[in-house]
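Enquirer: Structure in structure tokens, see below.
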Amino acid sequence: MPEQLLFAAEVTLNGLMAGVMYSLVALGFVLIFKASGIFNYAQGVMALFAALTLVGIQDGQIPFSHLINTIFGTEMHDFGWHVPAFLAILLALGVMILFAIVVEKFILKHLVNQPPIILFMATIGLAYFMEGFGDLMWGSDIKKLDVGLPQGISGVIDETTFDWFGYGFFIDRLDIAATIVAAILVSVLVLFSQYTKQGRAMRAVADDHQAALSVGISLRFIWVLVWSIAGFVALVAGIMWGTKSGVQFSLSLIALKALPVLMLGGFTSIPGAIVGGLIVGVGEKLFEFAIGPMIGGATENWFAYMLALLFLVFRPQGLFGEKIIERV
Amino acid sequence: MSLDEGYTTPDGRKIGAVVMEMKNITLRFGGVVAIENISFDIRQGEIRAIIGPNGAGKSSMLNVINGFYHPQEGEIWYKGAQRQAMKPHAIARQGIARTFQNIALFNGMSTLDNIMTGRLTHMKSSLLMQAIWKGPAEREESEQREKVEKIIDFLEIQSIRKTPVGRLPYGLQKRVELARALAAEPTLLLLDEPMAGMNVEEKEDMSRFILDVNDEFGTTIALIEHDMGVVMDISDRVVVMDYGKKIGDGTPEEVINNQEVIDAYLGVAHD
């Protein structure tokens, strides 16, 4: 029996770390939703686009090479250089900031004061545009992403746990790295929003646009800032998921996994996104481990959504969301 | 009276030169004329009231001053120069702060944080600065905190500093909103019905604070108010609006004896 228990513990640990990966994606949603009340459907595609851009820059790929070659009949594919990971990440971040500016200028600016559903539709359009644009810019091959993050089984943990319990835990070093990165990311975000003037302005805009304007906050600047930060979070998520499973277009579907996380944690809470991710991660792994064999497995595909559904029935604002009180 | 150099109020306060002048302002929403050809001025150190029945266009006038609305016709002169149409946040940075009729506070934040947002326009250190080098940013934050604490003392809201404003009773929320506007150290403070929905005691408190603010900081104040008693007590000059038109302008005594104003308030038939 202790064998079983140890195995359950291992599953839980792995679930926690898988949950961190979900949280990373959910974070981007929360940031934009908090600041502007927009549910940004494009967040998953942003992660994909960021990862594509990062790989493209790293490998010295020529952007739009396919298009150029077709039009001019040339045969160019890459610049023939290799950009170091750190520099490539900075450049990719630059691209995401540029993207934020473009989104503000061509979409958000024109949709001020529109109902949320309009903005939501706009982000759906944006998602499809970006997917096509990413394809056109960098090609549709599955690419390997390597920015020097450790990967594979952690030997230290395997041996230590074997010495202690006589059973070696299998834990991916990439998951450990993702956990550390997520912890740093969340701390930085919280510090930023609590202790800097832009952070305070961001929270102000999230609360009341008119009042924010009246104290001299530029909405446009805040939107660019928020989308830049969401772009940065998307880049981090893109790096983690890209390293784990390769940069491919199915990456944009991780957005769908973030939805139940948001319903659990609440759309407006950064800690909620983290806890929600962890619950989904652990929940689906443990459920698969305990109940899966009885009902034929593959529960991981639907468990998160079922959990979200339960939450919608009993606690629609999520664990950390603000309770919705309508004053009459 | 010759107003070019200002005047002295009955209670002996010196009122200075014109800070803001509205010239022939007309504001339309489609076919509805909210403000029709209105001119008036606001002087340094003055408490200027805008009164009128419901729907007279008072709030629209305040929204024109702080840039939420842009009038189709007319000129706005501020600090001696004609003001171009600009965004509300840019106008706020020029020293015009305001409160709202239906309280617009940042409900998720504490009283202190709400008031701190009022100081945003005075904070210099850039995002990068704050991220890389904490020293100056921290020093700035504590300097700003000092100013904010002064205002908190002034408005007697020490005990609710850490309370999320969403949980405060209405009267206190109004006071926090005033504090946030004051924190910007505005040249011109706009108050949209600062006493709406208050009981007598709260009204008296608020009147006292408005007078104290004017006295202590020399802030020029333009306010909209329904309670005529309050208006007569605290304002130096009054603009009266009705159906988007100006029907009276002068000291409280002048205005209250104006037949057109009496008609508007008592509801004499328009013929």
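Enquirer: Would you check the stretch A:2-314 for Lys pairs whose C-alpha atoms are within less than 16 Å, ignoring same-chain pairs closer than 8 in sequence, and give me the count? Don't jump to the answer; show the numbers that get you there.
Expert: Values: A:Lys143/A:Lys244; A:Lys144/A:Lys244; A:Lys244/A:Lys257; A:Lys257/A:Lys285.
Count of close lysine pairs: 4.
Enquirer: Using a simple charge model, +1 on the beta-carbon of Lys and Arg, -1 on the beta-carbon of Asp and Glu, nothing else, what dipole does the protein assembly as shown show about its Cα centre, in debye to the nearest 20?
Expert: Details: 46 positive and 62 negative charges, 148 e Å.
Using Cβ point charges on Lys, Arg, Asp and Glu, the protein assembly as shown gives about 700 debye.
Enquirer: Further, regarding this structure: Determine the shielding of peptide B:82-90 by partner chains: average, over its residues, the number of Cβ atoms on other chains within 10 angstrom of each Cβ.
Expert: Values: counts 0, 0, 0, 0, 0, 5, 10, 11, 3.
Counting Cβ atoms of other protein chains within 10 Å of each residue's Cβ and averaging gives 3.
Enquirer: What FRET efficiency comes out for B:Arg167 versus A:Val313 if R0 is 30 angstrom and r is the Cβ-Cβ distance? Round to the nearest 0.05.
Expert: Values: r = 28 Å, r/R0 = 0.94.
Using R0 = 30 Å, I get an efficiency of 0.60.
Enquirer: Taking +1 at the Cβ of each Lys and Arg and -1 at the Cβ of each Asp and Glu, which of B:Thr121, A:Ile38, A:Ala206 sits farthest along the dipole of the protein assembly as shown towards its positive end, judged by Cα position relative to the Cα centre?
Expert: Among B:Thr121, A:Ile38, A:Ala206, the one farthest towards the positive end of the dipole of the protein assembly as shown is A:Ile38.
Enquirer: Then there's this: Mind checking the dipole of chain A: about its Cα centre, +1 per Lys or Arg Cβ, -1 per Asp or Glu Cβ, Debye to the nearest 20?
Expert: Details: 16 positive and 22 negative charges, 266 e Å.
Once rounded to the nearest 20, the dipole reads 1280 debye.
Enquirer: In addition: Count neighbours as other Cβ atoms within 10 Å of each site's Cβ, and list the chymotrypsin sites (Phe, Trp or Tyr not before Pro) in the stretch B:86-195 that are DSSP loop with at most 14 such neighbours. If you can, show how the numbers build up before the last one.
Expert: On the way: sites: B:Phe100, B:Phe106, B:Trp133, B:Phe154, B:Tyr170; in loops: B:Phe100, B:Phe106, B:Trp133.
Within the stretch B:86-195, the qualifying chymotrypsin sites (Phe, Trp or Tyr not before Pro) (loop, at most 14 other Cβ atoms within 10 Å) are B:Trp133.
Enquirer: Sticking with this one: Just report the Cα centroid separation between the stretch A:173-212 and the stretch B:62-130, whole Å.
Expert: A separation of 25 Å, based on Cα centres.
Enquirer: With 10 angstrom as the radius, rank A:Phe133, A:Phe33 by how many other C-beta atoms surround their C-beta, starting from the fewest.
Expert: Numbers: A:Phe133 16, A:Phe33 22.
Least to most surrounded, the residues fall as A:Phe133, A:Phe33.
Enquirer: Still on this model: Which one of B:Phe68, B:Gln94, B:Gln84 has its Cα pushed farthest toward the positive end of the charge dipole of the stretch B:58-102, where Lys and Arg give +1 and Asp and Glu give -1 at the Cβ?
Expert: B:Gln94
Enquirer: Only counting other Cβ atoms within 10 Å, I'd like B:Glu254, B:Glu201, B:Glu141 sorted with the fewest neighbours first.
Expert: On the way: B:Glu254 13, B:Glu201 9, B:Glu141 18.
Arranged by neighbour count, lowest to highest, B:Glu254, B:Glu201, B:Glu141 become B:Glu201, B:Glu254, B:Glu141.
Enquirer: Could you let me know the centre-to-centre spacing of the stretch B:176-224 and the stretch A:33-68, using Cα atoms, in angstrom?
Expert: Rounded to whole Å, the Cα centres lie 49 Å apart.
Enquirer: Taking other Cβ within 10 Å of each residue's Cβ, how do B:Arg98, B:Arg43 sort, fewest first?
Expert: On the way: B:Arg98 29, B:Arg43 19.
The most exposed by this proxy come first: B:Arg43, B:Arg98.
Enquirer: Considering the options B:Met20, B:Ile152, B:Gly55, tell which one lies farthest towards the positive end of the dipole of chain B, charges being +1 on Lys and Arg and -1 on Asp and Glu at the Cβ, about the Cα centre.
Expert: The listed residue farthest towards the positive side: B:Ile152.
Enquirer: Given charges of +1 on the Cβ of Lys and Arg and -1 on the Cβ of Asp and Glu, with all other atoms neutral, how large is the dipole of chain B about its Cα centre, in debye to the nearest 20?
Expert: Roughly 1320 debye, rounded to the nearest 20.
Values in this text are rule-based calculations from the coordinates and carry no lab data. Computed from a predicted model, the values in this text were never measured in an experiment. Note that each Cβ is placed from the backbone with ideal geometry, even for glycine, and that neighbours are counted across all protein chains shown.
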